[in-house]
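A short worksheet on the structure shown next.
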Ligand SMILES: Nc1ncnc2c1ncn2[C@@H]1O[C@H](COP(=O)(O)OP(=O)(O)OP(=O)(O)O)[C@@H](O)[C@H]1O
Ligand SMILES: [Mg+2]
């Protein structure tokens, strides 16, 4: 069975425009799937619907056999420990150290008081160092995050997502602020998360070539609708033009 099933999902932020229309797709366990599409197509909104950062208006999202839209507060908290997030701007706490930021990923497992006191077990600390080592930033563990390069900060962001021991990692434009070298390092790490750790990755990307290089499957969104969903090898010029094409023409005629 698929880890994630999205069925007939519809989303509006206001009464006038539907940002997502009848979105249906599935992601299997251990798959690396990219979502591509022009700016404003609804990629970020789709990711936010999956972990219910925004409420769903129509249809449903099933994650690991649970109907995400039906979850109560406590169950939703549990869901979010199972879904890690990686963001374009890293979303780290700049004045805290790398290791503190990574351990933040364990908050979902703590009582409020444990969280306030910042109590972490030896095992959690060892796990954090293991991940920092894996991502190649162990030597920066005690530096403040704002002293790191963008690529290093993103690696800390990935460690924070992984320490949650998630089944799924959602990445919203993880390389949009990075240079090509740092982007490659990040994408290689994300790919190894799926191949080595078996964690499913769903990644929003602006770079079609990157999506082609790394994904098992690609979902193409245009104006809130899926216009392509298939294995990466099926994504050719025609499909890419269909996903982006008319947007480009519209821009040219303005
Ligand atoms: N919080 C919000 N309130 C109102 N409208 C929103 C909100 N977030 C997004 N939108 C609108 O929803 C549409 C889809 O936005 P979304 O951010 O999901 O697109 P995107 O594909 O991620 O774009 P980009 O590639 O620029 O990140 C846009 O028209 C946007 O203006
Ligand atoms: Mg976006």
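We did not get these values from a lab; they are worked out from the coordinates using the rules stated. Quantities reported herein were computed from a predicted structural model and do not represent experimental measurements. Glycine also receives a Cβ, built like all others from the backbone with ideal geometry; neighbour counts cover every protein chain displayed.
Summary table below
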item	result
Spacing of the two label points (7 Å from each Cα toward its C-beta) at residue 55 and residue 242, in nm	3.5 nm
Rg(Cα) / (2.2 N^0.38 Å) computed for the range 159-233, rounded to two decimals	1.12
Ranked by how many other beta carbons lie within 10 Å on average, peptides 90-99, 9-18, 165-174 from highest	165-174, 90-99, 9-18
The range 17-80: Rg to Rh, with Rh as the Kirkwood radius over Cα pairs	0.96
Tilt relative to the chain, helix 122-134 - C-alpha long axis, 0 to 90 degrees, to 10	50 degrees
Helix 180-197 axis, angle to the chain major axis (alpha carbon atoms, nearest 10°)	80 degrees
Between helix 237-253 and the chain: long-axis angle, C-alpha atoms, 0 to 90°, nearest 10	80 degrees
Distance (nanometres) between label positions extended 7 Å along Cα→Cβ at residue 122 and residue 91	3.3 nm
Ranked list, fewest to most other Cβ atoms within 10 Å of each Cβ, for 130, 120	130, 120
Within a Gaussian network of the chain (alpha carbon springs, distance under 10 Å), most fluctuating of 58, 122, 225	122
Relative frequency of Cα-Cα separations exceeding 34 Å in the chain, percent	18 percent
MRE, 222 nm, helices only [DSSP H, n ≥ 4, -39500 (n - 2.57), over the chain, to nearest 500]	-12000 deg cm²/dmol
Gyration tensor (alpha-carbon) shape descriptor, the range 124-254, a/c threshold 1.5	prolate
Antiparallel DSSP beta bridges within the chain, percent to nearest 5	50 percent
Sequence-separation-based contact order of the range 89-165, relative, with Cα cut under 8 Å and 6+ spacing, percent	54 percent
Prolate/oblate/rounded call for the range 89-165, Cα gyration tensor, a/c under 1.5 rounded	prolate
